1. Which of the residues that make up region 238-267 are crowded, with 21+ Cβ neighbours inside 10 Å and hydrophobic (A, V, I, L, M, F, W, C)?
2. Just checking, does region 380-392 include any residue being among the basic types (Lys, Arg), farther than 22 Å from residue 62 by Cβ and in the same structural domain as residue 8 (by TED's automatic domain parsing)?
3. Just checking, how many residues over region 178-188 are surrounded by 15 or more Cβ atoms within 10 Å (Cβ to Cβ) and either of a type in the set (Ser, Thr, Tyr) or near the ligand (Cβ under 9 Å from one of its atoms) (or both)?
4. Specify which of the listed residues (311, 248) is part of a loop (DSSP other than H, G, I, E, B), touching a Gly at 6+ places or on another chain (Cβ under 6 Å) and on the phi > 0 side of the Ramachandran plot.
5. Is at least one residue of region 112-126 modelled with pLDDT of 95 or more, crowded, with 19+ Cβ neighbours inside 10 Å and within 19 Å of the chain's Cα centre (by Cα)?
6. Looking at region 194-215, I want the residues that are assigned by TED's automatic domain parsing to the domain that holds residue 7 and have a partner that is more than 14 Å from the ligand (Cβ to nearest atom) and among the aromatic types (Phe, Trp, Tyr) with Cβ atoms under 6 Å, at least 6 apart or on another chain. Which pairs are those?
7. Specify which of the listed residues (40, 62, 94, 9) is over 23 Å from the mean Cα position of the chain (by Cα) and either at pLDDT 95 or above or away from the ligand (no atom under 14 Å from the Cβ) (or both).
8. Which one of the conditions (1) farther than 19 Å from residue 90 by Cα; (2) under 23 Å from the mean Cα position of the chain (by Cα) does residue 219 fail to meet, given that it meets all the rest?
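The values are calculated or read from the model by the stated rules, or taken from the named source; none is laboratory data. Here the structure is a predicted model, which means the values were calculated and not measured. Note that we place each Cβ from the backbone using ideal geometry, even for glycine, and neighbour counts take in every protein chain shown.
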Amino acid sequence: MADSGTQYDVIVVGAGVMGSSTAYHLAKTGNKVLILEQFDFLHHRGSSHGESRTIRATYPEDYYHSLVMESYELWRTAEAEIGYRVYFPAEQLDIGHSDDKSLAAAVDTCKKHSIPHLVLDREQLAEKYSGRVEIPADWVAVWSKYGGVIKPTKAVSMFQTLAFKNGADLKDNAEVVEIKRDGSSGGVVVSVANGERFRGKKCVVTVGAWARKLVKSVGGIELPIQPLEATVSYWRIKEGAEGEYAIGGNFPTFASYGDTYIYGTPSLEFPGLIKVAVHGGHRCDPDKRSWGSGGQLPITALKKWIEGRFGGRVDSSEPVSTQLCMYSMTPDEDFVIDFLGGEFGKDVVIGGGFSGHGFKMSPAIGRILADLALKGVAEGLELKYFRIARFEENPKGNVKGFADQVRLH
Ligand SMILES: Cc1cc2nc3c(=O)[nH]c(=O)nc-3n(C[C@H](O)[C@H](O)[C@H](O)COP(=O)(O)OP(=O)(O)OC[C@H]3O[C@@H](n4cnc5c(N)ncnc54)[C@H](O)[C@@H]3O)c2cc1C
(Lines give C-alpha, C1' and ligand atoms only; values in the text may rest on other atoms or scores of the structure.)
Protein backbone atom coordinates (compact mmCIF):
# COMPACT_ATOMS: atom_id res chain seq x y z
CA MET A 1 0.00 0.00 0.00
CA ALA A 2 1.16 3.55 -0.79
CA ASP A 3 2.31 5.62 2.16
CA SER A 4 2.03 9.42 1.84
CA GLY A 5 5.34 9.91 3.69
CA THR A 6 4.02 12.99 5.56
CA GLN A 7 3.59 12.76 9.31
CA TYR A 8 0.55 14.85 10.19
CA ASP A 9 -0.14 16.34 13.59
CA VAL A 10 -3.82 15.55 13.14
CA ILE A 11 -5.82 13.70 10.48
CA VAL A 12 -9.49 14.70 10.33
CA VAL A 13 -11.88 12.13 8.84
CA GLY A 14 -15.05 13.59 7.28
CA ALA A 15 -15.37 17.06 5.72
CA GLY A 16 -18.86 18.13 6.76
CA VAL A 17 -19.12 21.27 8.87
CA MET A 18 -17.66 19.64 11.99
CA GLY A 19 -14.57 18.21 10.30
CA SER A 20 -14.01 21.34 8.23
CA SER A 21 -14.29 23.60 11.28
CA THR A 22 -11.91 21.32 13.21
CA ALA A 23 -9.37 21.38 10.36
CA TYR A 24 -9.63 25.19 10.25
CA HIS A 25 -8.93 25.54 13.98
CA LEU A 26 -6.05 23.06 13.83
CA ALA A 27 -4.40 24.65 10.79
CA LYS A 28 -4.85 28.16 12.14
CA THR A 29 -2.93 27.23 15.29
CA GLY A 30 0.03 26.00 13.23
CA ASN A 31 -0.58 22.27 13.04
CA LYS A 32 0.05 20.05 10.03
CA VAL A 33 -3.45 18.84 9.17
CA LEU A 34 -4.98 16.49 6.63
CA ILE A 35 -8.74 16.25 6.05
CA LEU A 36 -10.13 13.20 4.24
CA GLU A 37 -13.62 13.12 2.71
CA GLN A 38 -15.24 10.05 1.15
CA PHE A 39 -17.25 11.97 -1.50
CA ASP A 40 -16.66 15.24 -3.38
CA PHE A 41 -16.17 18.26 -1.15
CA LEU A 42 -19.49 20.12 -0.62
CA HIS A 43 -21.54 17.08 -1.68
CA HIS A 44 -25.26 16.80 -0.79
CA ARG A 45 -25.30 13.30 0.71
CA GLY A 46 -24.63 14.18 4.36
CA SER A 47 -25.89 16.78 6.84
CA SER A 48 -24.06 20.03 6.12
CA HIS A 49 -25.30 21.12 2.68
CA GLY A 50 -28.11 23.47 1.75
CA GLU A 51 -29.17 27.07 2.06
CA SER A 52 -30.01 27.83 5.67
CA ARG A 53 -29.53 26.73 9.28
CA THR A 54 -30.92 28.51 12.31
CA ILE A 55 -28.87 29.75 15.21
CA ARG A 56 -30.49 30.56 18.56
CA ALA A 57 -29.56 30.78 22.21
CA THR A 58 -32.91 29.58 23.59
CA TYR A 59 -31.93 26.02 24.49
CA PRO A 60 -33.89 24.04 27.08
CA GLU A 61 -30.56 22.38 28.01
CA ASP A 62 -28.52 25.17 29.49
CA TYR A 63 -25.21 23.37 28.81
CA TYR A 64 -25.44 24.44 25.15
CA HIS A 65 -25.39 28.11 26.11
CA SER A 66 -21.61 28.62 26.14
CA LEU A 67 -21.21 26.69 22.86
CA VAL A 68 -23.79 28.89 21.13
CA MET A 69 -22.40 32.16 22.49
CA GLU A 70 -18.80 31.25 21.63
CA SER A 71 -19.98 30.29 18.15
CA TYR A 72 -21.64 33.65 17.54
CA GLU A 73 -18.21 35.22 18.08
CA LEU A 74 -16.33 32.63 16.05
CA TRP A 75 -18.72 32.95 13.07
CA ARG A 76 -17.83 36.65 13.00
CA THR A 77 -14.11 35.92 13.30
CA ALA A 78 -14.13 33.43 10.40
CA GLU A 79 -16.22 35.82 8.27
CA ALA A 80 -13.65 38.56 8.86
CA GLU A 81 -10.87 36.20 7.79
CA ILE A 82 -12.60 35.04 4.59
CA GLY A 83 -14.15 38.38 3.62
CA TYR A 84 -17.77 37.33 3.04
CA ARG A 85 -20.85 36.66 5.13
CA VAL A 86 -22.26 33.31 6.16
CA TYR A 87 -24.26 34.53 9.19
CA PHE A 88 -27.36 36.71 8.80
CA PRO A 89 -28.70 38.19 12.06
CA ALA A 90 -32.34 37.85 13.10
CA GLU A 91 -34.36 37.81 16.29
CA GLN A 92 -35.55 34.44 17.62
CA LEU A 93 -39.14 33.51 18.46
CA ASP A 94 -40.06 30.34 20.36
CA ILE A 95 -43.74 29.50 20.76
CA GLY A 96 -45.79 26.72 22.31
CA HIS A 97 -48.48 25.78 24.78
CA SER A 98 -48.13 27.63 28.09
CA ASP A 99 -47.63 24.24 29.82
CA ASP A 100 -44.83 23.12 27.51
CA LYS A 101 -41.90 22.02 29.66
CA SER A 102 -39.25 22.47 26.96
CA LEU A 103 -40.33 26.04 26.37
CA ALA A 104 -40.33 26.72 30.12
CA ALA A 105 -36.81 25.25 30.34
CA ALA A 106 -35.68 27.50 27.47
CA VAL A 107 -37.00 30.51 29.42
CA ASP A 108 -35.05 29.31 32.47
CA THR A 109 -31.89 29.21 30.33
CA CYS A 110 -32.58 32.81 29.22
CA LYS A 111 -32.97 33.90 32.84
CA LYS A 112 -29.92 32.00 34.09
CA HIS A 113 -27.64 33.44 31.41
CA SER A 114 -29.23 36.91 31.18
CA ILE A 115 -30.22 36.44 27.54
CA PRO A 116 -32.39 39.46 26.62
CA HIS A 117 -35.89 38.00 26.20
CA LEU A 118 -39.62 38.72 26.59
CA VAL A 119 -42.44 36.31 27.37
CA LEU A 120 -45.49 37.44 25.38
CA ASP A 121 -49.14 36.43 25.33
CA ARG A 122 -51.24 36.22 22.19
CA GLU A 123 -52.15 39.91 22.04
CA GLN A 124 -48.64 41.14 22.82
CA LEU A 125 -47.23 38.89 20.10
CA ALA A 126 -49.79 40.08 17.54
CA GLU A 127 -48.82 43.64 18.35
CA LYS A 128 -45.06 42.97 18.20
CA TYR A 129 -45.21 41.37 14.77
CA SER A 130 -48.23 43.33 13.43
CA GLY A 131 -50.26 40.14 12.96
CA ARG A 132 -47.57 38.33 10.98
CA VAL A 133 -47.36 35.63 13.68
CA GLU A 134 -50.38 34.40 15.61
CA ILE A 135 -50.77 31.93 18.46
CA PRO A 136 -53.79 30.40 20.22
CA ALA A 137 -54.94 31.97 23.51
CA ASP A 138 -53.40 29.18 25.62
CA TRP A 139 -49.91 29.49 24.03
CA VAL A 140 -47.06 31.79 24.90
CA ALA A 141 -44.27 33.27 22.81
CA VAL A 142 -40.70 33.87 23.89
CA TRP A 143 -38.93 36.60 21.96
CA SER A 144 -35.17 36.70 22.32
CA LYS A 145 -32.40 38.78 20.91
CA TYR A 146 -30.15 35.99 19.65
CA GLY A 147 -31.40 34.22 16.51
CA GLY A 148 -30.19 34.22 12.93
CA VAL A 149 -29.51 32.23 9.81
CA ILE A 150 -26.28 30.59 8.65
CA LYS A 151 -25.64 29.57 5.05
CA PRO A 152 -24.43 25.97 5.42
CA THR A 153 -22.71 25.02 2.14
CA LYS A 154 -21.07 28.43 2.03
CA ALA A 155 -19.93 28.05 5.65
CA VAL A 156 -18.38 24.61 5.02
CA SER A 157 -16.60 26.02 1.99
CA MET A 158 -15.37 28.92 4.14
CA PHE A 159 -13.85 26.60 6.76
CA GLN A 160 -12.21 24.45 4.07
CA THR A 161 -10.77 27.49 2.29
CA LEU A 162 -9.45 28.95 5.54
CA ALA A 163 -7.95 25.58 6.52
CA PHE A 164 -6.26 25.38 3.11
CA LYS A 165 -4.97 28.97 3.38
CA ASN A 166 -3.46 28.03 6.75
CA GLY A 167 -1.61 25.09 5.23
CA ALA A 168 -3.99 22.13 5.62
CA ASP A 169 -3.99 19.33 3.04
CA LEU A 170 -7.49 18.53 1.75
CA LYS A 171 -8.32 15.30 -0.03
CA ASP A 172 -11.76 14.24 -1.28
CA ASN A 173 -13.00 10.98 -2.82
CA ALA A 174 -10.95 9.33 -0.08
CA GLU A 175 -13.08 6.94 1.95
CA VAL A 176 -11.40 5.98 5.21
CA VAL A 177 -11.68 2.24 5.71
CA GLU A 178 -9.28 1.66 8.60
CA ILE A 179 -7.68 3.53 11.49
CA LYS A 180 -4.94 1.61 13.28
CA ARG A 181 -2.30 2.18 15.89
CA ASP A 182 1.03 3.08 14.28
CA GLY A 183 3.44 0.55 15.79
CA SER A 184 6.53 2.56 14.79
CA SER A 185 5.65 6.14 15.77
CA GLY A 186 2.93 5.55 18.35
CA GLY A 187 0.32 7.64 16.47
CA VAL A 188 -2.29 6.37 14.03
CA VAL A 189 -2.28 5.07 10.47
CA VAL A 190 -5.36 5.98 8.45
CA SER A 191 -6.08 3.92 5.32
CA VAL A 192 -8.40 4.91 2.51
CA ALA A 193 -10.26 2.70 0.03
CA ASN A 194 -7.77 3.12 -2.83
CA GLY A 195 -4.97 1.75 -0.64
CA GLU A 196 -3.28 5.04 0.33
CA ARG A 197 -2.13 5.33 3.94
CA PHE A 198 -1.59 8.44 6.03
CA ARG A 199 0.22 8.78 9.36
CA GLY A 200 -0.83 11.17 12.08
CA LYS A 201 -0.06 11.75 15.74
CA LYS A 202 -3.79 12.18 16.37
CA CYS A 203 -7.05 11.64 14.55
CA VAL A 204 -10.47 13.34 14.76
CA VAL A 205 -13.44 11.40 13.40
CA THR A 206 -16.38 13.58 12.28
CA VAL A 207 -18.29 11.33 9.90
CA GLY A 208 -21.89 12.38 10.63
CA ALA A 209 -24.45 9.70 9.79
CA TRP A 210 -21.66 7.19 9.14
CA ALA A 211 -20.38 7.39 12.74
CA ARG A 212 -21.94 4.15 13.92
CA LYS A 213 -20.48 2.17 11.01
CA LEU A 214 -16.96 3.59 11.13
CA VAL A 215 -16.58 3.65 14.92
CA LYS A 216 -17.78 0.06 15.13
CA SER A 217 -15.24 -1.13 12.57
CA VAL A 218 -12.37 0.94 14.02
CA GLY A 219 -12.95 0.76 17.77
CA GLY A 220 -15.45 -2.07 18.19
CA ILE A 221 -17.80 0.36 19.98
CA GLU A 222 -21.49 0.42 19.12
CA LEU A 223 -22.47 4.11 19.22
CA PRO A 224 -26.25 4.59 19.46
CA ILE A 225 -26.33 7.06 16.57
CA GLN A 226 -29.32 6.60 14.27
CA PRO A 227 -29.36 8.36 10.89
CA LEU A 228 -32.66 9.95 9.86
CA GLU A 229 -33.58 11.33 6.47
CA ALA A 230 -35.16 14.76 6.99
CA THR A 231 -37.15 16.92 4.55
CA VAL A 232 -37.00 20.70 4.49
CA SER A 233 -40.02 22.46 2.94
CA TYR A 234 -40.36 25.92 1.44
CA TRP A 235 -43.76 27.65 1.20
CA ARG A 236 -44.96 30.57 -0.90
CA ILE A 237 -45.63 33.88 0.82
CA LYS A 238 -48.77 35.43 -0.65
CA GLU A 239 -48.40 38.29 -3.08
CA GLY A 240 -47.78 41.63 -1.41
CA ALA A 241 -46.60 40.11 1.89
CA GLU A 242 -43.18 38.88 0.70
CA GLY A 243 -41.25 41.76 2.28
CA GLU A 244 -42.95 41.26 5.66
CA TYR A 245 -41.31 37.83 6.07
CA ALA A 246 -37.92 38.67 4.61
CA ILE A 247 -34.68 38.61 6.57
CA GLY A 248 -33.33 42.00 7.53
CA GLY A 249 -36.62 43.40 8.86
CA ASN A 250 -37.65 42.23 12.30
CA PHE A 251 -39.15 38.89 11.23
CA PRO A 252 -37.51 36.20 13.39
CA THR A 253 -36.12 32.71 13.04
CA PHE A 254 -38.65 30.57 14.88
CA ALA A 255 -39.34 27.30 16.67
CA SER A 256 -42.69 25.90 17.74
CA TYR A 257 -42.61 23.37 20.58
CA GLY A 258 -45.14 20.56 20.93
CA ASP A 259 -45.92 17.07 19.59
CA THR A 260 -44.69 18.18 16.20
CA TYR A 261 -41.75 20.54 16.64
CA ILE A 262 -41.78 22.97 13.71
CA TYR A 263 -39.07 25.48 12.90
CA GLY A 264 -38.19 27.92 10.18
CA THR A 265 -36.31 30.91 8.91
CA PRO A 266 -37.26 34.28 7.44
CA SER A 267 -37.31 34.41 3.65
CA LEU A 268 -33.71 34.61 2.42
CA GLU A 269 -32.47 31.96 0.01
CA PHE A 270 -35.44 31.86 -2.38
CA PRO A 271 -37.24 35.24 -2.74
CA GLY A 272 -40.93 34.95 -1.90
CA LEU A 273 -40.54 31.59 -0.13
CA ILE A 274 -40.30 30.88 3.58
CA LYS A 275 -38.77 27.76 5.11
CA VAL A 276 -41.13 25.97 7.51
CA ALA A 277 -40.12 22.41 8.36
CA VAL A 278 -40.68 19.60 10.84
CA HIS A 279 -37.79 18.81 13.18
CA GLY A 280 -37.72 15.09 12.39
CA GLY A 281 -37.40 12.41 9.76
CA HIS A 282 -37.47 8.70 9.08
CA ARG A 283 -34.77 6.14 9.87
CA CYS A 284 -32.34 5.52 7.05
CA ASP A 285 -29.12 3.78 6.10
CA PRO A 286 -26.75 6.51 4.84
CA ASP A 287 -25.54 4.18 2.08
CA LYS A 288 -29.03 3.08 0.98
CA ARG A 289 -31.12 6.22 1.09
CA SER A 290 -34.76 6.28 0.00
CA TRP A 291 -34.32 9.87 -1.25
CA GLY A 292 -37.69 11.01 -0.02
CA SER A 293 -39.85 7.93 -0.45
CA GLY A 294 -39.10 6.28 2.90
CA GLY A 295 -41.39 8.10 5.33
CA GLN A 296 -44.51 10.19 5.54
CA LEU A 297 -43.90 13.85 6.35
CA PRO A 298 -46.66 14.98 8.78
CA ILE A 299 -47.91 17.29 6.09
CA THR A 300 -51.38 17.78 7.56
CA ALA A 301 -49.92 19.04 10.85
CA LEU A 302 -47.52 21.28 8.95
CA LYS A 303 -50.26 22.81 6.79
CA LYS A 304 -52.50 23.36 9.80
CA TRP A 305 -49.66 25.02 11.65
CA ILE A 306 -48.96 27.38 8.72
CA GLU A 307 -52.66 28.23 8.38
CA GLY A 308 -52.88 29.10 12.06
CA ARG A 309 -49.59 30.95 12.55
CA PHE A 310 -49.12 33.42 9.68
CA GLY A 311 -52.45 35.26 9.55
CA GLY A 312 -53.31 33.80 6.12
CA ARG A 313 -50.28 35.44 4.49
CA VAL A 314 -48.51 32.16 3.58
CA ASP A 315 -50.02 29.67 1.12
CA SER A 316 -50.42 26.41 3.06
CA SER A 317 -51.81 24.30 0.21
CA GLU A 318 -48.48 22.61 -0.74
CA PRO A 319 -44.78 23.20 -0.22
CA VAL A 320 -43.28 24.81 -3.32
CA SER A 321 -39.93 23.11 -2.94
CA THR A 322 -38.34 20.48 -0.70
CA GLN A 323 -34.77 19.41 0.08
CA LEU A 324 -33.37 16.29 1.77
CA CYS A 325 -30.70 15.99 4.41
CA MET A 326 -29.67 13.62 7.23
CA TYR A 327 -29.80 13.90 11.01
CA SER A 328 -27.54 11.73 13.22
CA MET A 329 -29.69 11.08 16.26
CA THR A 330 -28.56 10.04 19.71
CA PRO A 331 -31.23 8.75 22.14
CA ASP A 332 -31.08 11.95 24.23
CA GLU A 333 -30.53 14.34 21.29
CA ASP A 334 -27.21 15.43 22.83
CA PHE A 335 -23.92 15.28 20.94
CA VAL A 336 -21.13 12.72 21.26
CA ILE A 337 -17.80 14.45 21.91
CA ASP A 338 -15.28 12.10 23.45
CA PHE A 339 -12.11 10.08 23.06
CA LEU A 340 -12.44 6.71 21.39
CA GLY A 341 -10.43 5.12 24.22
CA GLY A 342 -9.38 1.47 24.18
CA GLU A 343 -6.05 0.94 22.39
CA PHE A 344 -6.30 4.51 21.01
CA GLY A 345 -6.55 6.20 24.40
CA LYS A 346 -6.83 9.96 23.78
CA ASP A 347 -5.30 9.81 20.29
CA VAL A 348 -8.61 9.40 18.45
CA VAL A 349 -11.39 11.92 19.15
CA ILE A 350 -15.00 11.44 18.07
CA GLY A 351 -17.41 14.26 17.23
CA GLY A 352 -20.82 12.95 16.17
CA GLY A 353 -24.50 12.50 16.96
CA PHE A 354 -25.29 16.15 16.33
CA SER A 355 -28.98 15.24 16.30
CA GLY A 356 -30.26 17.84 13.86
CA HIS A 357 -29.07 20.88 15.84
CA GLY A 358 -25.28 21.05 15.64
CA PHE A 359 -24.59 23.41 12.75
CA LYS A 360 -24.94 26.63 14.70
CA MET A 361 -22.30 25.45 17.20
CA SER A 362 -19.82 24.07 14.66
CA PRO A 363 -17.25 26.85 15.20
CA ALA A 364 -17.04 26.10 18.94
CA ILE A 365 -17.20 22.34 18.38
CA GLY A 366 -14.32 22.53 15.88
CA ARG A 367 -12.29 24.47 18.43
CA ILE A 368 -13.12 21.90 21.13
CA LEU A 369 -12.34 18.85 18.95
CA ALA A 370 -9.03 20.47 18.00
CA ASP A 371 -8.21 21.12 21.69
CA LEU A 372 -9.14 17.57 22.69
CA ALA A 373 -6.89 16.15 19.97
CA LEU A 374 -3.94 18.42 20.75
CA LYS A 375 -4.13 18.84 24.53
CA GLY A 376 -6.44 16.10 25.75
CA VAL A 377 -8.72 18.69 27.38
CA ALA A 378 -11.00 21.44 26.13
CA GLU A 379 -12.07 24.57 27.92
CA GLY A 380 -15.73 25.54 27.83
CA LEU A 381 -17.09 22.03 27.52
CA GLU A 382 -18.98 20.11 30.16
CA LEU A 383 -17.81 16.80 28.76
CA LYS A 384 -20.06 14.81 31.07
CA TYR A 385 -23.12 15.53 28.90
CA PHE A 386 -21.37 14.34 25.74
CA ARG A 387 -19.47 11.22 26.87
CA ILE A 388 -19.96 7.91 25.07
CA ALA A 389 -20.20 6.10 28.43
CA ARG A 390 -23.45 7.85 29.34
CA PHE A 391 -25.28 5.29 27.19
CA GLU A 392 -23.79 2.41 29.21
CA GLU A 393 -25.13 3.99 32.39
CA ASN A 394 -28.55 4.67 30.82
CA PRO A 395 -29.45 3.61 27.25
CA LYS A 396 -31.53 6.78 26.92
CA GLY A 397 -28.49 8.90 27.89
CA ASN A 398 -28.92 12.20 29.71
CA VAL A 399 -32.07 12.47 31.80
CA LYS A 400 -34.19 15.54 31.02
CA GLY A 401 -37.32 17.00 32.52
CA PHE A 402 -39.00 17.55 29.16
CA ALA A 403 -39.98 15.60 26.04
CA ASP A 404 -37.82 14.76 23.01
CA GLN A 405 -38.00 17.36 20.27
CA VAL A 406 -37.21 15.38 17.15
CA ARG A 407 -40.14 13.45 15.69
CA LEU A 408 -39.93 10.11 13.87
CA HIS A 409 -42.27 9.74 10.91
C1 LIG B 1 -32.64 19.28 7.28
C2 LIG B 1 -31.67 19.69 8.35
C3 LIG B 1 -31.86 20.88 9.02
C4 LIG B 1 -31.00 21.25 10.03
N5 LIG B 1 -31.21 22.44 10.66
C6 LIG B 1 -30.33 22.85 11.59
C7 LIG B 1 -30.48 24.13 12.15
O8 LIG B 1 -31.39 24.89 11.80
N9 LIG B 1 -29.58 24.53 13.07
C10 LIG B 1 -28.54 23.73 13.46
O11 LIG B 1 -27.76 24.15 14.31
N12 LIG B 1 -28.36 22.51 12.92
C13 LIG B 1 -29.22 22.05 12.00
N14 LIG B 1 -29.07 20.84 11.42
C15 LIG B 1 -27.99 19.95 11.90
C16 LIG B 1 -26.64 20.22 11.28
O17 LIG B 1 -26.75 20.50 9.92
C18 LIG B 1 -25.77 19.00 11.54
O19 LIG B 1 -25.70 18.81 12.97
C20 LIG B 1 -24.37 19.14 11.01
O21 LIG B 1 -24.38 19.50 9.64
C22 LIG B 1 -23.61 17.83 11.19
O23 LIG B 1 -22.36 17.93 10.54
P24 LIG B 1 -21.34 16.72 10.49
O25 LIG B 1 -20.06 17.31 10.03
O26 LIG B 1 -21.37 15.99 11.79
O27 LIG B 1 -21.96 15.70 9.44
P28 LIG B 1 -21.83 15.69 7.82
O29 LIG B 1 -22.10 17.01 7.28
O30 LIG B 1 -22.65 14.56 7.31
O31 LIG B 1 -20.30 15.37 7.58
C32 LIG B 1 -19.75 14.10 7.74
C33 LIG B 1 -18.86 13.86 6.56
O34 LIG B 1 -18.09 12.68 6.77
C35 LIG B 1 -17.95 12.03 5.53
N36 LIG B 1 -17.59 10.63 5.77
C37 LIG B 1 -18.38 9.67 6.31
N38 LIG B 1 -17.72 8.50 6.39
C39 LIG B 1 -16.47 8.73 5.90
C40 LIG B 1 -15.34 7.91 5.71
N41 LIG B 1 -15.34 6.62 6.06
N42 LIG B 1 -14.23 8.45 5.16
C43 LIG B 1 -14.21 9.78 4.81
N44 LIG B 1 -15.27 10.59 4.97
C45 LIG B 1 -16.39 10.08 5.50
C46 LIG B 1 -19.31 12.22 4.89
O47 LIG B 1 -19.29 11.99 3.50
C48 LIG B 1 -19.63 13.64 5.27
O49 LIG B 1 -19.17 14.55 4.30
C50 LIG B 1 -29.91 20.42 10.39
C51 LIG B 1 -29.70 19.24 9.70
C52 LIG B 1 -30.56 18.87 8.68
C53 LIG B 1 -30.31 17.58 7.95
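1. Answer for region 238-267, where residues must be crowded, with 21+ Cβ neighbours inside 10 Å and hydrophobic (A, V, I, L, M, F, W, C): 251, 254, 255, 262.
2. Looking only at region 380-392, we keep the residues that are among the basic types (Lys, Arg), and these are 384, 387, 390.
Still in the list and also farther than 22 Å from residue 62 by Cβ: none.
No, the conditions are met nowhere in region 380-392.
3. 0
4. 311
5. No, because not a single residue in region 112-126 is modelled with pLDDT of 95 or more, crowded, with 19+ Cβ neighbours inside 10 Å and within 19 Å of the chain's Cα centre (by Cα).
6. Short answer, once both residue conditions are applied: 200/8.
7. None of the others qualify; the one that does is 9.
8. (2)
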